[in-house]
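Peer 1: Would you mind keeping the following structure in view while I ask a few things?
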Amino acid sequence: MPHGPLSLPARLCLLAWDAGRPAAGGSAHRPGLVRAGALVELARRGLLTDEGGIATPVDLDASTGDAVLDGLLELVRESCPHPWRTWVTLRTRVTFDAVREQLVAEGCLRAEKRRVLGVFPSVEYALERVAVVDALREETRQILRGPLPVAELSERDAALGALAAAVGLLGTGTPDQRAEELTERAGTSTPGLGRIMREVNAALTAGRAAATSP
């Protein structure tokens with residue numbers, strides 16, 4: 001399937017996938033990155049808003065029809081109020097596992113049943129549609145580095161690029177000015193999204209720094 005219809009958290013999950021570590025599914029920052037993508041997607045759709053720095057559901061009955069996004073929305077509704085930065089790290093495996101299963105269902109990943117030590121059942125995941133992911137990575141590199149001006153990118157692509165830049169995804173250094181422009185572009189049509197993007201990006205950057213510190 002083409003990668004266009006994939007949600008923002010699903011695209012980020014595929015971008016961060018480490019084909020050399022299928023069991024773990026890649027880098028340690030991926031669950032937080034996927035969660036950040038889901039938070040931003042809900043904010044873009046007007047289902048989460050910023051109230052004094054707190055991620056706040058707008059409508060207690062609304063849904064998206066996407067199991068991953070609706071699962072996170074329900075989690076936020078049923079939990080104590082938390083800042084955006086907390087939600088980037090709180091119970092991230094819930095969202096990550098849901099995205100991974102969604103990608104299996106859509107044919108982008110495959111699940112392989114194995115036994116640890118020949119006894120304990122386990123499941124490993126591997127890329128199924130490598131060409132699709134390669135194309136997605138190349139498009140993301142262009143978002144991060146150009147040549148297309150940021151103003152000509154879609155807001156959704158800008159959000160993808162801003163989140164990817166926050167964790168140094170794909171090993172592509174993104175100039176600070178372009179990263180800031182991507183953040184601004186992502187929030188063009190959604191009130192408060194620029195602030196939300198900065199909060200989740202700060203959480204991702206802090207997590208990345210902590211993971212790489214001695």
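Residues are listed down the side, and each one gets a yes or a no for (1) in contact with an Asp or Glu (Cβ under 8 Å, 6 or more places away or on another chain); (2) modelled with pLDDT of 95 or more:
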| position | (1), (2) |
| --- | --- |
| Ser7 | yes, no |
| Trp17 | no, no |
| Pro22 | yes, no |
| Leu48 | no, yes |
| Ile54 | no, yes |
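Peer 1: Quick check on my filter: what residues within the range 80-93 are part of a helix (DSSP H, G or I) and loosely packed, with under 15 Cβ neighbours inside 10 Å?
Peer 2: Selection gives Arg93 alone.
Peer 1: Ok, one more. Give me a count of the residues in the range 63-77 that are within 20 Å of Gly52 (Cβ to Cβ) and open to solvent by 40 Å² or more (accessible area, probe 1.4 Å).
Peer 2: Residues flagged as within 20 Å of Gly52 (Cβ to Cβ) and open to solvent by 40 Å² or more (accessible area, probe 1.4 Å) within the range 63-77 amount to 1.
Peer 1: Residue under question is Ala202, and the condition is that it be open to solvent by 60 Å² or more (accessible area, probe 1.4 Å) and over 19 Å from Ser7 (Cβ atoms); does it hold?
Peer 2: Spelling it out, it is not the case that Ala202 is open to solvent by 60 Å² or more (accessible area, probe 1.4 Å) and over 19 Å from Ser7 (Cβ atoms).
The values are calculated or read from the model by the stated rules, or taken from the named source; none is laboratory data. Here the structure is a predicted model, which means the values were calculated and not measured. Cβ: placed from backbone, ideal geometry, glycine included. Neighbour counts: every protein chain shown. In case anyone asks, the SASA skips ligands and DNA or RNA and just uses the protein heavy atoms, side chains included. Shrake-Rupley method; radii C 1.70, N 1.55, O 1.52, S 1.80 Å.
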